[in-house]
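A short write-up of the structure that comes next.
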Amino acid sequence: MRIRPNSVLQNTIIHEIVHALRWHDEDRTDPVTASCGNSNDPDDRNLEEAATVAEVVIRLNPYVRVEYAGYYTKSEAAETTDDAYEMMDEDRELFVGNSTEGAPGLKGKDALRSLSKNFDKSNIGELKDKTEKTAKEHGKELRKRGRDK
Ligand SMILES: [Zn+2]
């Protein structure tokens with residue numbers, strides 16, 4: 001099977017691979033970079049989706065304006081698909097320092113370090129998919145809870 005570059009299918013596959021990476025990598029300790037596992041808590045699911053989308057944006061190598069903006073279009077700030085793409089570009093700039101087509105992404109520890117450090121400033125961190133809290137608010141609470149243990 002040949003996967004057309006930048007196809008919806010390809011982007012969905014990349015997204016699912018990042019979910020799996022988060023799930024299997026036990027070295028991830030930050031609630032933003034680690035999988036929420038089997039949790040059905042809507043706040044956990046919302047954070048998992050937002051952080052997964054962020055990690056895809058970070059890892060895209062080369063960078064392409066993916067034709068399916070996914071969860072960005074669910075964000076309250078994105079009224080149109082163009083808005084969603086713009087927010088994705090802004091996040092790429094924040095996390096990686098580039099948003100031109102073809103520019104290299106980050107991998108490994110660099111990718112995770114950037115995700116942890118910048119998630120609270122990102123557009124996708126504002127995601128509220130069936131939740132009252134934003135993904136970044138939930139991430140902050142989980143981090144605080146971890147420290148209080
Ligand atoms: Zn997902």
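FYI, it's all coordinate maths here, none of it is from the lab. All values derive from a computational prediction rather than experimental measurement. Cβ coordinates were reconstructed from backbone atoms using ideal geometry, including for glycine residues, and neighbour counts include every protein chain displayed.
Quick notes on this structure:
- For region 56-149, the set of GluC sites (Glu not before Pro) satisfying both a DSSP loop assignment and a count of at most 14 other C-beta atoms within 10 Å is given as Glu67, Glu76, Glu79, Glu101, Glu132.
- Helix 135-148 axis versus longest C-alpha principal axis of the chain: approximately 40°, rounded to the nearest ten.
- Neighbour-count ranking [beta-carbon atoms within 10 angstrom, fewest first] of Ile17, Ile58, Ile124: Ile17, Ile58, Ile124
- R0 of 30 Å, Cβ-Cβ distance Asp25-Glu79: FRET efficiency to nearest 0.05: 0.25
- The HN-Hα couplings worked out from phi for region 21-31 by the Karplus form 6.51 cos²θ - 1.76 cosθ + 1.60 (θ = phi - 60°) are 4, 4, 5, 8, 8, 7, 6, 7, 10, 6, x Hz, whole numbers, x standing for Gly and Pro.
- Order of Leu94, Leu9, Leu127 - criterion: other Cβ atoms within 10 Å of each residue's Cβ, fewest first: Leu9, Leu94, Leu127
- Positive-end residue, the chain charge dipole about Cα centroid, Cβ charges, pick of Gly102, Thr29, Val56: Thr29
- Kirkwood-based Rg to Rh ratio, the chain, C-alpha trace: 0.95
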